[in-house]
Structure formats: C-alpha cells, structure tokens
Amino acid sequence: MHTNTTLVEARIERFVRDRLRPALYRRTAPVDVSAWDVRGEPVPFATAAAARYEQFAVGSAWGSPWGTVWFRVSGTVPQDWTAEGTRPELVVDLGFSASGTGFLAAPGFQAAAGFQAEAIAWRPDGTIIKAIEPLNSYVPVGDAGSAVELYLEAAANPNVAGDFRFSPTVYGDKGTAGDQPIYQLRTLHLAELDVTVWELLQDIWTLSGLLLQLPESLPRRAEILSALDAMVDAVDPDDVAATAAAGRAALVDVLASPAYASAHRLSAVGHAHIDSAWLWPVRETVRKVARTFSNVLALMEDDPDFVFAASSAQQYAWLQEGYPELFERVKAQVAAGRFVPVGGMWVESDTNMPGGEAMARQFVAGKRFFIEQLGVEPLEVWLPDSFGYSAALPQIVAAAGSKYFLTQKISWNETNRMPHHTFSWEGIDGTRIFTHFPPVDTYNSELSAADLARAERQYAEKGVGRHSLVPFGWGDGGGGPTREMLAAAARTHDLEGSPRVTMTTPATFFETAEAELASPPVWSGELYLESHRGTYTAQPRTKRGNRESEHRLREAELWATAATVLRGVDYPYEALESAWKTVLLQQFHDILPGTSIAWVHREAEANYARIAGELESLIGTALASLTGEGDTELSFNAGPFAVDGVAALGSGVAEADGVATPDGVPTVRSTAGGTVLENARVRVVVDARGLVTSLYDLDARRELVPAGEAANELQLFRDTPTQWDAWDIDEHYKRGRQSVDESADVTVLADGAGVQ
C-alpha cells in the first residue's frame, strides 16, 4: 500500500506540474512597452507621467540597485477573449528569483517573497490599481476589446538577504551598490486566465497539503488520495480547459466533508508585517506600504469576507502624506471594519532599550493618529517581531487604555519553549494584560495545511481553550495576502481533517479567547527572547543617538513649558512633535537594535545630529526667555537632584564645582593597593590596571568582589555568530575570550566635592 500511495502522489504531482500549470492561462497577447529610468530618488506619479519614455523590449535588463524604472504599458484585450470562465489579466515577471504565484512558485521561493524587485500599477489619471510582487504578479484589466493603458513604477530593490544567508554585500548602501542593472524584465503581456483551472489548482493544493498532514492509517487520507487520483482521470491532458470542471467535480465530496466537532478553531487575520526599515531604507518602506495596502484594497473588492490588520501609525501617516487617494480608500475600509488598525503605537518598536517616557509616547502618538485621522482606537498591542518584551510593558499598555497583547517572536526561543499560547501577562507592578502567542509560529502564514496543522498540534491550552489566531500574508514587500490564500481560507473553513478557519478581526478573536479562558495561566515578568542578544551592542552610535535624543527632548519640553507658563512665549509644539516622531520611528525594532543595512544607520545618525541641533536651539531660546538680559552667569539644572547648589529642576548661581549627593562628599586617596574612592555607602579600590579589586558595601559590611578576582575587566570575544551576524551572541562565544589586562593609565581627574 505504501508503494501504491507513493506512485499516486507522484502521478498527481506530475499532472499538476506538466498539465495544469501550463493550462492556467489559455492565451497571451503582447503589449507595447516603453520605459523611463529615474536617475536618483523616487519621483511622484505626475513627474513620471510627464517624462520622456523610450521603447523597451521584454527580456532586456533594467534597474540599477535601489533605482526606479517606470514602464508605460499599452495594448488592447483581444476581441475573441470571450470564453465563459476566463478573465484577462496583465501578467508581469520583473525578474523574480522564481516565477509563478502561490503554491505554483518554486520550492523555497516564499522565503524571498518580499526581498526582490516590486512595482505598483498606476492608471493614467494617477490612481493606483495594485502592486506587482513575486507571488502576486498580475494586474486586472478590462474585458475583451478593452484598451489597456497603465504605468508600472518598478523598484529595483536588491535581495540583500541573499535568501537569508546574509553574506557581506555591496548592496547595503547606495554609495557602494554600483549602477549596473540587476534585473531582467522576463514577462509583460496580456493573458487569458482560465478561472476553472485556477480554482482546480487551489482545490488540489488544499487537499494535497492536508494529505501530507494526516497519518497513513486514517481513512480520510485514503479518501483524499483516491479523489485526487480520480481527478487526474477526469481531466483530459490534451484538453484541460474543457475538462477542468470535471476534475473539480471529482473533488467535491472530499472538500464538502465537514471538520470534526473537536477541531481547533483558527481566526485568520490578513496581515503583512512591514519593517519600517531593515534591508531597505525608510524611503523604500513608504513605497512598500503603498504597494501592500493597494493589494489589500484590490482583494477586498473581490472577497467580502476578507479582513486585514495593520499596525504602526507611522505607516498610515506616510500613506496619508504621499498617497492621499490611497489613504482615503483605506480610511473607507477602516470605517467599514474590514481594514483594521492595530497596535496603537507609532511603530512596532523595540521595548527594551527605549526609556519609559518614550514607550509611553509610542502609544500617545500612535493612538492620537488613529483616533484623529481614522476614527478608531486600537485596543490590541501588536508586536509580533520585536526582540523580547520589557516587564514594564503591561503597565504602559494598560495606562494607554489597551486590553490585549500579541507577539510571535517568542517562538524563536533557542532553549526554552514558551509554555502557553493564551495567557495573562503580569508586569512588574502586578498589572495583567490578556496575551496571545499564535501557535502557528509565523506571522507570514500562507494558510497551508502544514501551517494549520502546526497551530492545532502546538496549541498549549488544549482542554480549556480551542481558539488561536493565524496572521496570513507575505510581509516586507511581499504584497500581503494573496488570492490563493483567500481560496485556502474558504476551503478550510469547514474541512474534515483540518482546523476550522474563519476570517475575522483581531478584536473578535481576543474577545472569544478571553471568554473561553475564564482563568488563563499567568506569566509574570519579562517576556525574554532567548535569541538576538547581540542587538544590545550593535551599532552603538545609533543607540547613543537615541538616548541623547530622549534626554534632550525631556529638557527641551521642560524649559519650553517653563517659558510658556512664566513668560507667555509660544510653546514650540510642532518642532517638538516632529522631533519626537523621528525618535519614535528610529526606535523601530530593526533600527535601534542595530540590525539594518548601512544606509539605514547612516541616515539614523544624521537624523539624531539634526535633532540635537534643533533641540539645543529650542533649549537656548527657552532659557533666554526665562533669564532675560544681564551679565550674571546662571546655571540651569534639569535633573532630579541639586547640582552645584542649583536646585533640582531649577536655576541659580553655581556655588561649587561639584555634585552634592545624599551620601555626602566622596573622598579619593592613593594607597599601595591602588586608588580608593569612598562615600557614605561604598568603598571602591581601583588598581594600576584600572580593575576594581574591591567593592565594599559599607551598609551591609559586605565585599562584593571575590578574593583574588577583579571587576571592571575589559574582555574581548570572537564575534562569529552561527546565523544572524548583527543579531546574535551564541553560547560558543565564551570559548574565545581574551582579557585586556595590561597596565592602564589611572588618573584622578578631581577629588573631594568634584568627584561623583
């Protein structure tokens, strides 16, 4: 039986490959193509439409790295394309790593779905139709006899990921990437889609995928295999178009068999995780958002059940500024409840390195935008990809008025699996937030049978709960959900052997899950990610810029407020708001952690330098208004403790060169064992090497440095992570330690009141 089963599976696979796929499009027709190569940064549609185009031959090379080429396409749908069950489309292959859509793509191609060339299709009136992506490579056109005229804004984004091998590359910065074309326009023509063949392919994909998830001993598996075998018999390989309907008929019964009563229930939410910068600069993220959102809107026109969720107010703001017509269409679907803003934050930020005030501002800025511009307040905090979550976050989430939390990244843990998928997360102050960690273990699901079975198999709350959420859609420029995914959702809504899939909103899922788990398990403290530990040291200039910007923003707001209240000057709201939004953007979880390409970090550092200048100017203006004119030198103290006799949060004439501390005046003295620093609380000995040989707690009467050991030792380690160079510090790093313990230059710069 095993041999027969294998032979039948091989027969089905070959039939799909050699007969059905080639029959997906009945006929093709050429179009006229001309092109304009943009020299420099992207341009608006109006500029491109007015440019001078030159004839372009399909098959030619195009696109220097990070460049843009606009293709103007014109033609006519043939008059005889009128067969029932067909639909004309424009089919485009910009030179993707593999061709095809959905399951038709080459094995492993999905991993690179969002890391290649992309395009957006414009009508001549400047409105957007949809995008072109590796797994979403068609544009709808009119019926037989209709004229076709449109523009394709094609972005030649290089595949920096290198299929996720992340080898060194010149493409990380435009200055080193060169100007030679990196893509070839392989396909650009009209094609007559055979809808029945397409539907049959979706039937087969769902059933053959389910087949692989079922044990051979189950009768259901044999039924599916038999039906697929009968389908091959029913379709004439020499006339697929005329017999595809018969093939679908052979599968009707196995597709109609309902799911088990005990089947797991999956809330499918359309999604596209778009990193606000990563392997591309921020300016390209703006276009990725427009491309993805336009695809989503096109799918909503065809499927009334489709619901899509997207986070990050910043990305909506980019759309509002750069693509106002598209933003208004999104806004209409938000009002209809189908396009769902989630997260409530300005971006999906890192949650470990920003200060508490900045984390609060993520919600203040994010929620304000969603409420004022879209009329909704997201209650779900949506952070599927950030690198671990601070134990302070539940308190901030609750204070922001949100109720729920979602993450996926914890599935990346290297050692310990998270014991729960739906639970109550308790923060350091005792605040609890209802939390879900989707057991599907991905936020880029294609709703394959393997994904659905994994979610059902791994769901930890079996017996007390039966619902989990599955975010589906290609992210990072992959274009979001596809029509193939929607077909999969429809077929698995109630299918024997599969979990039940229902497209719904995140809010509906959370309300359902919360209702069925009256007493959810509690996870107390940090949601620590056992991976990506190297993100706390990568790109230190970016990290320093963030922290200095946070401090300057606080001080600028402090003195500006004082100047407004005491002197009646105008508060610089817009300037401070703009600075905050830049800082919040750059706290995104691939910018602040230091895991983006060189271009991104060079730009981030320039932004921090610009912000520093702007804020210092605001501080100076505010202080000048507070002091008025005169010759007396005054000191201002924005800190929480008195300094040089100047009160906390105050101003005055400095009285001493030093810092008054609650512990009294510290002392410094030299001894044979080294330099001794002491105050009322601790005594520290620093030897000639610059190492701390003693740290004595005077209150506890306890030595904290073991005898014969030293603290403050500078150590160097080999930095050769196994997989993610900018992200990880692997356990084996400890084996390559080198201590830097040569003699150091230990100098006392000040003593007495001048020492802190």
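The values are calculated or read from the model by the stated rules, or taken from the named source; none is laboratory data. Keep in mind it's a predicted model, so treat the numbers as computed, not measured. Because the Cβ atoms are built from the backbone with ideal geometry, glycine has one as well, and the counts that use them run over all protein chains shown. Heavy atoms of the whole protein, side chains included, go into the accessibility calculation; ligands, DNA and RNA do not. Shrake-Rupley method; radii C 1.70, N 1.55, O 1.52, S 1.80 Å.
In debye, nearest 20: dipole of the chain around its Cα centre with unit charges on the Cβ of K, R (+) and D, E (-)? Please report the intermediate quantities before stating the final value.
Details: 62 positive and 100 negative charges, 143 e Å.
Charge dipole of the chain: 680 debye, to the nearest 20.
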Open item on the list: Rounded to the nearest percent, how much of the accessible area of the range 481-536 (1.4 Å probe, protein heavy atoms only) is carbon and sulfur?
Closed with: 52 percent
Task: For the chain: accessible area per residue (Å², 1.4 Å) - done: 43 Å²
- [ ] Report, ordered by chain and residue number, the lysines lying within cross-link reach of Lys331, taken as a straight Cα distance under 30 Å and ignoring same-chain residues fewer than 8 apart.
- [x] Lys130, Lys288, Lys367, Lys403, Lys409, Lys581
- [ ] Output the peptides 686-692, 441-447, 272-278 sorted from most to least packed, where packing is the average of other Cβ atoms within 10 Å over each peptide's residues.
- [x] 272-278, 441-447, 686-692
TODO: Would you check the accessible area of Met418, probe 1.4 Å, heavy atoms only, in square angstrom rounded to 10?
DONE: 20 Å²
Task: Estimated D of the range 284-410 in µm² per second, where Rh is the Kirkwood radius over Cα pairs and Stokes-Einstein applies at 37 °C, 0.692 mPa s - done: 219 µm²/s
TODO: Kindly state, to the nearest 0.05, the FRET efficiency for Ser60 paired with Asp429, given R0 = 45 Å and r defined as their beta-carbon distance.
DONE: 0.10
Task: Two-decimal Rg to Rh for the range 144-298 - Kirkwood Rh, Cα set - done: 1.08
- [ ] Just subtract the alpha-carbon distance of Asp179 and Glu530 from 0.36 nm times their residue separation and send over the number in nm, one decimal.
- [x] 122.3 nm
Open item on the list: Leaving ligands and nucleic acids out of the surface, order Tyr696, Tyr459 by accessible area at 1.4 Å, largest first.
Closed with: Tyr696, Tyr459
Task: Accessible-area order (highest first, 1.4 angstrom probe) of the listed residues Lys331, Lys288 - done: Lys331, Lys288
Open item on the list: Please report the accessible area of Val522 (heavy atoms, 1.4 Å probe, ligands and nucleic acids excluded) in Å², nearest 10.
Closed with: 60 Å²
Task: Mean Cα-pair separation over length for the chain, i.e. relative contact order, pairs under 8 Å, 6 or more apart, % - done: 11 percent
- [ ] Using 0.36 nm per residue of separation minus the Cα-Cα distance, give me the extension gain between Thr627 and Val464 in nm, one decimal.
- [x] 52.1 nm
Task: Reduced Cα scattering model of the chain, Debye log10 I(q)/I(0), q = 0.07 Å⁻¹ - done: -0.61
Task: the chain, helix-only ellipticity at 222 nm - DSSP H runs n ≥ 4, -39,500 (n - 2.57), divided by all residues, nearest 500 - done: -10000 deg cm²/dmol
Task: Probe 1.4 Å - accessible area at Arg186, Å² to nearest ten - done: 120 Å²
